[in-house]
Amino acid sequence: KKLKWYQKNPQKKAKNKIFFFLKPRNRKTGLLSLNIKFPEKLKSSIKTKNISLCKVNIGGFSSKTRCLKNIPSSVELDNENNTVDILPISPIPASKDSYAIVFKINNPQRSGLYQFHSFGKSSGPIPVGKYIGSWTINIDP
């Protein structure tokens, strides 16, 4: 399933801020935790201090994309499996608000398409892990 995203700078070797959106229609239930699998080429530029979760205002023609409120969460990086686990202090509700995972990274040297996969653990009596979708970002030459 294709998910929406936004990046500030698509040039290779540039500093970049990427917003991976979780819109209300992408999450049917609340989320206890998020797991993101990232590409091998980005392993060196991803650090836990540069990853955050926030309630977001998705920009468009007349407004900018920006975080409205930071969600306190624990971020764990697993370089062997190329995954990031995000555990919010309180579960992400299944409300009409949009949320974003924000990565502040350095773009790779090679241009091309890079795919991030997301998995979530639903909140409820029995937490069930499921595939949420994928973001495919483009790095220009």
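The values are calculated or read from the model by the stated rules, or taken from the named source; none is laboratory data. Everything quoted here is computed from the prediction, not taken from an experiment. Cβ coordinates were reconstructed from backbone atoms using ideal geometry, including for glycine residues, and neighbour counts include every protein chain displayed. Side chains are part of the model used for accessible areas, which takes the heavy atoms of the whole protein and leaves out ligands, DNA and RNA. Shrake-Rupley method; radii C 1.70, N 1.55, O 1.52, S 1.80 Å.
Tabulated data
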| read-out | value |
| --- | --- |
| Pairs, first of a type in the set (D, E, K, R) in region 81-105, second in a strand (DSSP E or B) and buried (at least 19 other Cβ atoms within 10 Å of the Cβ), C-beta under 7 Å, six or more apart | 85/33; 85/35 |
| Residue 118 surrounded by 18 or more Cβ atoms within 10 Å (Cβ to Cβ), under 13 Å from the mean Cα position of the chain (by Cα), part of a strand (DSSP E or B) and modelled with pLDDT of 90 or more | yes |
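Here's the yes/no breakdown for (1) open to solvent by 50 Å² or more (accessible area, probe 1.4 Å); (2) at pLDDT below 85; (3) under 29 Å from residue 140 (Cβ atoms):
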| residue | (1), (2), (3) |
| --- | --- |
| 29 | yes, yes, no |
| 36 | no, no, yes |
| 50 | no, no, yes |
| 70 | yes, no, no |
| 86 | no, no, yes |
| 100 | no, no, yes |
| 106 | yes, no, yes |
| 122 | no, yes, no |
